[in-house]
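**Student:** My structure is below; once you've seen it, I'll send some questions.
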Amino acid sequence: DEEFNELCFEFGLELDEITSEKDIISKEKGEEKAKGASDTVLYKIDVPANRYDLLCLEGLVRGLQVFKERINLPRYEKIIPAQGEGQKLIITEETVQVRPHAVAAVLRNITFTKERYDSFIDLQEKLHQNICRRRALVAIGTHDLDTISGPFTYTAKAPSEIKFRPLNQSQEYTASQIMDLYRTDSHLRHYLHLIENKPLYPVIYDSNGVVLSMPPIINGDHTKISVNTRNVFIECTGTDITKAKIVLDIIVTMFSEYCEKPFSVEAAEVVYPNGKTHICPELAYRKEKVKPELINKKIGISETPSSLAKLLTRMCLKSHVIGNGNNIEIEIPPTRADIIHACDIVEDAAIAYGYNNIQMTIPKTYTIANQLPLNKLTELLRLDLAAAGFTEALTFALCSQEDIADKLGMDISATKAVRIANPKTAEFQVARTTLLPGLLKTIAANRKMPLPLKLFEISDIVVKDPNTDVGARNYRHFCAVYYNKSPGFEIIHGLLDRVMQLLEVPPNEENGYTIKATEGSAFFPGRCAEIFAKGQSIGKLGVLHPDVITKFELTMPCSALEINIEPFV
């Protein structure tokens, strides 16, 4: 187990844990439920999201064997059948509105076992969740070719006109009934929305009118593959042709290993509505050139070109040195759709070299890090406010429009609030323009606690500002509230004086701070003051208006203070 853990790490993967079905169930649901579950050891391996070729046992084992230099990378080939003998998939123009693209291929004379079959189904499921974006971009269908006869037609029809027996069902249903049938299915209900509201549903027929599948929902039962299937017809339909080709390439390269002629795939012909034909799968090999010094410089190593080529070959990227060692030519196989740029090749060279083997060096630039002055001031204030007997709260930066406007007796337009375009809940519609609502909501949630409640928060608020590049600006605010049977204005006023004492701002007009009576919509008339310091208004303090208190579902009087601390940095 330890050796395998090491190997995974060297290959850029992570062995998450070694467990069994029994362990998993007993952890989640308790010992009782786990009785009778299998004890077979399971390895949970974390695969990076870009490596679709490692999502099944076949690909993972092949990758590790090449990495350990036990086998050479297989060469995948497509066999183009003689004229008129191959399979054809004809796309009609009705599909343009729903899922316009389709690709297909055939795995001939394949030998399944229970394990291989399970892995085949499992890979499709993993691809559906990952690159196919839960079937929105691509949906995969695999069929027993011996139960149907081509050419196949990919079209779209009204739901009432489509009728077939879905996978593992005992009777025929129309497409509309199928949608109702799977509305409660824990697995399939998540895909219904993809075509539910479309006037036509996509569907694939063979030459005798047998339904192969209704992508992206369900295959027909007639073409169901089993362990005894010898010839598999694979179709991928989708809204993204590039992803559909990648998905098809991955499936056929992973499982062509089990064909009579290993690593060979029979091509199929796809005919587009405009009459153009296309041979699938692509299985395209392409060559890239990368300079050895670029690889060495980016990783921080000094390897010879030939050893770099060897490292890349171990990562399934067959490489050799050309032009007196000035260049490395790399052949990118169809399994590696994730190689888009030279940096992807450099990354693979680094993995093969071993991250732990790269020498640590001190950077050539010499800098001393420093805390941001605003954050330093915030930290110092937090400690002293806690020492003054107030409890710190951290509240959400997003809130509802009511919180910052209606409940505080203001109009939303006057707040200069930044709105979220598509809020998931009513609680998170705008970015807060004041910290007060968050603290009042915290008190409302803690009404059972013994009085008095003394809370404070130092965090950022956001307001619109047309003069900045992003159209908004953050300010660091400090807010404190005192909630008790009496308003406690003198306690909040005392806290202000303490904060100013800590900031070494004297109580005078010239170079210190003063407070002047004012009116605020959230405050009780005649119980509100504006605070001036450094020649500007920095905030307000006062007793909250009874309306504000009741709107936040509180029952006792409350006084509050909120100032901007940025002028004191």
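The values are calculated or read from the model by the stated rules, or taken from the named source; none is laboratory data. What you are looking at is a predicted structure, and each value in this text was computed from that prediction instead of being measured. Heads up, the Cβs are rebuilt from the backbone with ideal geometry, glycines too, and the neighbour counts pull from every protein chain shown. These accessible areas exclude ligands, DNA and RNA; they are computed on the full protein's heavy atoms, side chains included. Shrake-Rupley method; radii C 1.70, N 1.55, O 1.52, S 1.80 Å.
**Student:** What trypsin sites (Lys or Arg not before Pro) does the range 327-404 have in DSSP loop regions with at most 10 other beta carbons within 10 Å?
**Tutor:** 364
**Student:** Mind jotting down a quarter of the surface of the convex hull over the alpha carbons of the range 468-544, in square nanometres, one decimal?
**Tutor:** Over every viewing direction, the Cα hull of the range 468-544 projects on average to 6.6 nm².
**Student:** Tally Lys and Arg at +1 and Asp and Glu at -1 over the other residues with C-beta under 10 Å from the C-beta of residue 351: what net charge comes out?
**Tutor:** Its environment carries a net charge of -2.
**Student:** Using only the alpha-carbon atoms, how far is helix 114-129 inclined from the longest principal axis of the chain? Give it as 0 to 90 degrees, nearest 10.
**Tutor:** Here the helix axis deviates by roughly 40 degrees.
**Student:** Among [x] 16, 29, 11, 17, 20, 6, 0; [y] 16, 36, 31, 13, 3, 0; [z] 16, 30, 30, 21, 2, only one was calculated for this model; which label is it, if the read-out is P(r) over Cα pairs in 20 Å bins from 0, in percent?
**Tutor:** Comparing each candidate, only [z] matches the computed number.
**Student:** Placing unit charges on C-beta atoms (Lys and Arg positive, Asp and Glu negative, everything else neutral), compute the dipole magnitude of the chain about its Cα centre in debye, rounded to 20.
**Tutor:** In debye, rounded to 20, the chain gives about 640.
**Student:** Compute for the range 1-137: radius of gyration divided by Kirkwood radius, i.e. Rg/Rh, restricted to C-alpha atoms, rounded to two decimals.
**Tutor:** Here the Rg-to-Rh quotient is 1.06.
**Student:** Next question, about the same structure. In square angstrom, what is the accessible area per residue of the chain with a 1.4 angstrom probe?
**Tutor:** Per residue, the chain has 52 Å² of solvent-accessible surface.
**Student:** Right, next: For helix 305-314, report the angle its Cα long axis makes with the longest principal axis of the Cα atoms of the chain; keep it between 0 and 90° and round to the nearest 10°.
**Tutor:** So the helix axis and the longest Cα principal axis differ by about 80 degrees.
**Student:** Along its three principal axes, how long is the range 286-357 when you only count alpha carbons? Whole Å, largest extent first please.
**Tutor:** 30, 30, 18
**Student:** For the range 447-486, what Kirkwood radius comes out of the mean inverse Cα-Cα distance, in Å?
**Tutor:** 12.7
**Student:** Around residue 223, what is the net charge, scoring Lys/Arg as +1 and Asp/Glu as -1 over all other residues with Cβ under 10 Å from its Cβ?
**Tutor:** -3
**Student:** Also, quick follow-up: Say each of residue 367 and residue 183 gets a label point 7 Å from the Cα, pointing the same way as Cα to Cβ; how far apart are those two points in nm?
**Tutor:** 5.9
**Student:** Here's something else I'd like to know. First select every other residue whose beta carbon is under 10 angstrom from the beta carbon of residue 116; then total the charges, Lys and Arg +1, Asp and Glu -1.
**Tutor:** -3
**Student:** Taking the 0 to 90 degree range and rounding to the nearest ten, how far is the long axis of helix 342-353 tilted relative to the main principal axis of the chain, both from C-alpha atoms?
**Tutor:** Once rounded, the angle reads 80 degrees.
**Student:** Using each residue's phi in the range 89-94, evaluate 6.51 cos²θ - 1.76 cosθ + 1.60 at θ = phi - 60° and report the 3J(HN,Hα) Karplus result to the nearest Hz, with x for Gly and Pro.
**Tutor:** 10, 9, 9, 9, 6, 4
**Student:** Sorted by accessible area with a 1.4 angstrom probe, largest first, how do 184, 335 fall?
**Tutor:** Output order, biggest surface exposure first: 184, 335.
**Student:** While we're looking at this one, here's another question. Counting other Cβ atoms within 10 Å, which GluC sites (Glu not before Pro) in the range 241-325 have at most 11 and lie in a DSSP loop?
**Tutor:** Passing both the DSSP loop test and the Cβ count: 260.
**Student:** Once Rh for the range 208-349 is found with the Kirkwood sum over Cα pairs, what is the Stokes-Einstein diffusion coefficient at 25 °C and 0.890 mPa s, in µm²/s?
**Tutor:** The diffusion coefficient I find is 135 µm²/s.
**Student:** Could I ask something else about it? Measure off, as a whole percent, the carbon and sulfur share of the 1.4 Å-probe accessible area of the chain, all protein chains present.
**Tutor:** 51
**Student:** In square angstrom, rounded to the nearest 10, how much accessible surface does residue 229 have for a 1.4 Å probe?
**Tutor:** Accessible surface of residue 229 is approximately 0 Å².
**Student:** For the range 215-229, in order, what is each residue's ³J(HN,Hα) by Karplus, 6.51 cos²θ - 1.76 cosθ + 1.60 with θ = phi - 60°, in whole Hz (x at glycine and Pro)?
**Tutor:** In residue order, the calculated couplings are x, x, 9, 7, 7, x, 6, 4, 9, 4, 8, 9, 4, 8, 4 Hz.
**Student:** Let me ask another. Mind putting together the pair-distance distribution for the range 373-568? All Cα pairs, 5 Å bins, whole percent per bin, short to long.
**Tutor:** Going from the shortest bin to the longest, the percentages are 1, 7, 16, 20, 21, 17, 11, 4, 1, 0.
**Student:** Between residue 391 and residue 510, take the C-beta separation as r, use R0 = 22 Å, and let me know the FRET efficiency to the nearest 0.05.
**Tutor:** About 0.05, to the nearest 0.05.
**Student:** Let me ask something else about it. Can you list residues whose amide H is under 5 Å from residue 472's amide H, if they're 5+ apart or on another chain and H is modeled 1.01 Å from N?
**Tutor:** 465
**Student:** Calculate one ³J(HN,Hα) per residue across the range 452-469 by plugging θ = phi - 60° into the Karplus curve 6.51 cos²θ - 1.76 cosθ + 1.60, and present them in order as whole Hz with x for glycine and proline.
**Tutor:** Computed from phi, the couplings for the range 452-469 are x, 9, 10, 10, 9, 8, 10, 8, 8, 10, 10, 10, 5, 8, x, 7, 9, 5 Hz.
**Student:** Apply the Debye scattering formula to the range 261-312, with a single equal point scatterer on each alpha-carbon and no solvent, then give log10 I(q)/I(0) at q = 0.15, 0.22 Å⁻¹.
**Tutor:** After summing over all Cα pairs, the log10 values are -0.65, -0.85.
**Student:** Looking at the range 494-558, which trypsin sites (Lys or Arg not before Pro) are in a loop (DSSP not H, G, I, E or B) and have at most 14 other Cβ atoms within 10 Å?
**Tutor:** In loop regions of the range 494-558 (DSSP not H, G, I, E or B), the sparsely surrounded trypsin sites (Lys or Arg not before Pro) are 534.
**Student:** Right, something else. Under 5 Å between amide hydrogens, which residues at least 5 positions from residue 87 or on another chain qualify, with H placed 1.01 Å from N in the peptide plane?
**Tutor:** 269
**Student:** Going from the alpha-carbon gyration tensor of the range 327-423, what semi-axes, largest first and in whole Å, does one get by taking the root of 5 times each eigenvalue?
**Tutor:** Ellipsoid semi-axes (Å, largest first): 50, 28, 13.
**Student:** Tell me, Kirkwood radius of the range 66-188 from alpha-carbon pair distances, in Å?
**Tutor:** Evaluated on the range 66-188, it is 18.0 Å.
**Student:** Can you tell me how much longer the chain between residue 293 and residue 224 gets when fully stretched, taken as 0.36 nm per residue apart minus their C-alpha distance, in nm with one decimal?
**Tutor:** Full-extension gain reported as 19.5 nm.
**Student:** Non-local amide H neighbours of residue 391 (under 5 Å, H modeled in plane, Pro and chain starts lacking H): which ones?
**Tutor:** Amide H neighbours of residue 391: 454, 455, 456.
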